[in-house]
Amino acid sequence: MMYDQYFWQAAQKTPYAQQLKTVRAHYTPAMQQLDQEKLMSMLNHADELPKNPVTFKKLQDQGEQVRLS
């Protein structure tokens, strides 16, 4: 994974280091495949988002207040 070493160096300094290691240890090839498929689906649909008639940007341009909570 790109920048893997930097991520794990930073992770070591957090209270979540052990939890992250546990999750990584239980991350199966089937889970990796499913995540890869989901990523590809998301990337394939990314160019469709701006074409949607309602987007946060379009709402803001119309003077609407957009807030994620």
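A few remarks follow.
- Whichever residue in region 53-69 is polar (S, T, N, Q) and within 21 Å of the chain's Cα centre (by Cα) and, among such residues, is surrounded by the fewest Cβ atoms within 10 Å (Cβ to Cβ): 69
- Test: residue 27 is hydroxyl-bearing (Ser, Thr, Tyr) and not in a helix (DSSP H, G or I): yes
- Count of region 25-48 residues, restricted to those that are hydrophobic (A, V, I, L, M, F, W, C) and surrounded by fewer than 10 Cβ atoms within 10 Å (Cβ to Cβ), is 5.
- None of 22, 14 is of a type in the set (Ser, Thr, Tyr) and either open to solvent by 90 Å² or more (accessible area, probe 1.4 Å) or not in a helix (DSSP H, G or I) (or both) except 14.
- Residue match in region 37-51 (condition: in contact with a helix residue (DSSP H, G or I) (Cβ under 9 Å, 6 or more places away or on another chain) and assigned to a loop (DSSP other than H, G, I, E, B)): no
The values are calculated or read from the model by the stated rules, or taken from the named source; none is laboratory data. Values in this document were obtained by computation on a predicted structure and should not be read as measured data. Neighbour counts run over all protein chains shown; Cβ positions are idealised from the backbone, glycine included. To get the accessible areas, we keep the full protein, side chains included, count just its heavy atoms, and leave off ligands, DNA and RNA. Shrake-Rupley method; radii C 1.70, N 1.55, O 1.52, S 1.80 Å.
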